[in-house]
Every structure is written in structure tokens, then in C-alpha cells.
Amino acid sequence: MTPTSRTMRTARTIGACAAVAFAVLSIACQSTSSLIPSSSNTQDASAAAEGTSLKATVPSALSPSGNVTTSSLTPTLVASGATLKYGAGTPQYRYRVTDETGTLAADSGLQSALSWTVPAPLTPTSRYTWAVRAEFRGLVGTWSAPATFSTPVAPADDFGAWESTCQGIADRTTLVVCVWNFVQPKNSVGDLEVAKRVAWLLRREGGGLLLKGSGENVVPWLGMSFSATRVCFPDGHIFKIISDAGPGGANSPGWGDNDFVDKSLYVAAIDPRLK
């Protein structure tokens with residue numbers, strides 16, 4: 001084979017390889033481009049990212065909203081309807097309520113109506129967020145924009161209007177005295193009723209109760225034993241709010257720094273109306 005023939009054969013080989021490489025690159029580019037949402041399916045891609053699969057309009061959380069205070073601890077949630085974008089059918093709705101920490105407080109399951117009443121009482125004087133979405137034959141739509149509301153003071157309170165009267169008092173001694181005036185404790189059980197309510201009013205600041213397994217002024221409640229005379233904070237800082245406690249004592253209100261305990265003895269405030 002002459003040098004010229006060898007050169008021509010090599011050129012043909014290089015050209016064939018280049019053509020194959022170009023074809024493979026073209027297919028790869030086409031495959032990649034098909035994975036990138038175009039302007040027409042960007043909305044569908046966004047819905048998929050949110051875990052939604054139903055092509056429907058988004059309902060609205062109408063009432064309650066704007067952080068209004070409801071008249072009941074079992075409020076009725078009202079939504080606007082949704083419509084399917086393709087095909088015929090009537091969607092159902094799911095309502096969800098979460099508390100201030102984002103914890104689920106109530107889930108309606110599938111409902112046909114555009115309103116749903118929360119079945120179990122929510123915590124009094126607390127803020128909640130709710131939303132609604134459409135569902136149809138196992139497909140789920142996008143959640144509505146959230147709406148907020150607050151719950152009222154619990155009705156038929158055992159010790160009168162302590163919550164509405166005492167909440168918002170900044171000075172802690174005055175706060176304790178305010179609650180004490182409603183409860184007027186005569187023993188350790190009454191003292192704990194004061195402590196429970198003071199902790200509840202201070203819950204947004206971390207107010208809670210102090211676990212205490214033995215000794216004086218220990219009162220059981222909800223399967224735990226608590227100090228009847230102290231409130232506690234997450235860092236273990238405790239404050240004595242009742243002095244001369246127990247039967248025959250003055251059971252006097254106050255607010256005194258009582259040092260620190262192990263943080264594991266702290267229990268976050270619990271609704272004092274729970275039995």
C-alpha cells in the first residue's frame with residue numbers, strides 16, 4: 001500500500017468515527033433536553049415537586065382567617081371550591097389544622113362539603129393555622145394558602161375568668177397574684193392549680209412545671225408528680241410562686257428565684273383544664 005492510499009484510508013476511518021460520535025452526542029442532547037420542563041409544563045413540574053398529582057384549581061381557606069378569635073374551641077372551617085382542569089368529576093376536600101409548633105392538631109380525612117367542623121376541642125387561647133386541598137380518586141391537589149385563627153378562653157372554667165383577666169400581665173409577681181386571687185388555694189392541690197395556670201400563661205416564654213418525685217408539696221397530675229409551688233423553664237431555672245404552702249399554711253403568692261435544677265425535670269406547660 002502506498003503512503004497516499006494509507007493516508008486516505010486513515011482519513012476515512014477518522015471521518016466515520018466522528019460521524020458516530022456526533023450521532024451519539026445528538027441523541028444524548030435530545031434525551032437531556034426532554035428532562036428539562038418547557039414553559040408549557042413548568043407548572044406540572046412544580047406540582048410534582050410538591051407531591052401533588054391532581055390537575056385542579058386550588059381552593060381557598062376562607063374562614064376563619066386573619067387570626068380572628070373564634071367563638072368556639074371546635075371552629076367550623078369554610079373553603080372555596082376547586083374544579084378539575086381536565087375531565088369531569090367532583091373533587092373532595094381535606095382540611096388540616098396545625099398548632100404554633102407546626103404539629104398536626106386535626107385532619108378531616110376526605111370531605112365532600114366546603115366546610116368542616118373540628119371534632120375535638122382545640123387548646124384555648126392558642127393560635128392555629130389551617131389549609132385545604134382538593135383530592136380526586138387518589139390524586140391530590142395543591143394546598144391552599146394558609147389561614148390563621150386563635151381560640152377563645154375555655155367555657156365554664158373551674159376558677160372563673162383567670163385566663164382572660166391575667167394574660168398579658170408583664171410583671172410576674174402581679175401575674176401570680178392575679179391567678180392566686182381566682183384560685184385562692186388552701187392546700188398543695190390548690191397551689192398546683194396556681195402553678196399550672198401561671199406556667200400556662202407563660203408558655204410562650206417557655207414557662208412549665210417542675211417534676212418532683214418526693215418530699216413536701218408534691219401533687220400527682222396526668223400520671224406525673226409535680227412541685228405544687230414552683231414553675232420551671234427549659235434551662236432548669238425554677239421560681240417559687242407559693243410560700244408557706246400546704247394545709248394550714250398561708251399559701252401566699254409571690255415570685256422568687258429558686259436557683260436551677262436538672263433540665264430533665266422541666267415539663268412544658270400543659271393546659272390546666274385537662275383532667
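The values are calculated or read from the model by the stated rules, or taken from the named source; none is laboratory data. It should be emphasised that the depicted structure is a prediction, and the values quoted were computed from it without experimental measurement. Virtual Cβ from ideal backbone geometry, glycine too; neighbours counted across all protein chains shown.
Miscellaneous remarks
Residue-by-condition table, conditions (1) under 28 Å from SER164 (Cβ atoms); (2) hydrophobic (A, V, I, L, M, F, W, C); (3) loosely packed, with under 15 Cβ neighbours inside 10 Å; (4) touching a strand residue (DSSP E or B) at 6+ places or on another chain (Cβ under 6 Å):
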position: ARG96; (1), (2), (3), (4): no, no, no, yes
position: GLN111; (1), (2), (3), (4): no, no, no, yes
position: PRO119; (1), (2), (3), (4): yes, no, yes, no
position: PRO124; (1), (2), (3), (4): yes, no, no, no
position: TRP130; (1), (2), (3), (4): yes, yes, no, yes
position: ALA134; (1), (2), (3), (4): no, yes, no, yes
position: VAL140; (1), (2), (3), (4): no, yes, no, no
position: TRP143; (1), (2), (3), (4): no, yes, no, yes
position: PRO152; (1), (2), (3), (4): yes, no, no, yes
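- Residue that is surrounded by the most Cβ atoms within 10 Å (Cβ to Cβ) [pool: residues in region 156-202 that are part of a loop (DSSP other than H, G, I, E, B) and in contact (Cβ under 8 Å) with a residue 40 or more places away in the chain]: PRO185
- Pair list, Cβ under 8 Å, 6 or more apart: region 97-126 residue among the aromatic types (Phe, Trp, Tyr), other residue surrounded by 11 or more Cβ atoms within 10 Å (Cβ to Cβ): TRP116/THR76; TRP116/LEU77; TRP116/TYR93; TRP116/TYR95; TRP116/SER108
- LEU54 being touching an Asp or Glu at 6+ places or on another chain (Cβ under 9 Å), crowded, with 17+ Cβ neighbours inside 10 Å, among the aliphatic types (A, V, I, L, M) and over 20 Å from ALA154 (Cβ atoms): yes
- The set of residues in region 228-273 being part of a helix (DSSP H, G or I) and within 14 Å of LYS212 (Cβ to Cβ) consists of SER264, LEU265.
- When ALA120, ALA105, ALA156 are checked against the criterion of being at pLDDT below 95, aliphatic (A, V, I, L, M) and at positive phi, ALA156 stands alone in meeting it.
- The set of residues in region 98-108 being part of a loop (DSSP other than H, G, I, E, B) and surrounded by 10 or more Cβ atoms within 10 Å (Cβ to Cβ) consists of ASP99, GLU100, SER108.
- Pairs where the first residue, in region 263-275, is over 19 Å from SER126 (Cα atoms) and the second is of a type in the set (D, E, K, R) and surrounded by 17 or more Cβ atoms within 10 Å (Cβ to Cβ), C-beta under 9 Å, 6+ apart: LEU265/LYS212
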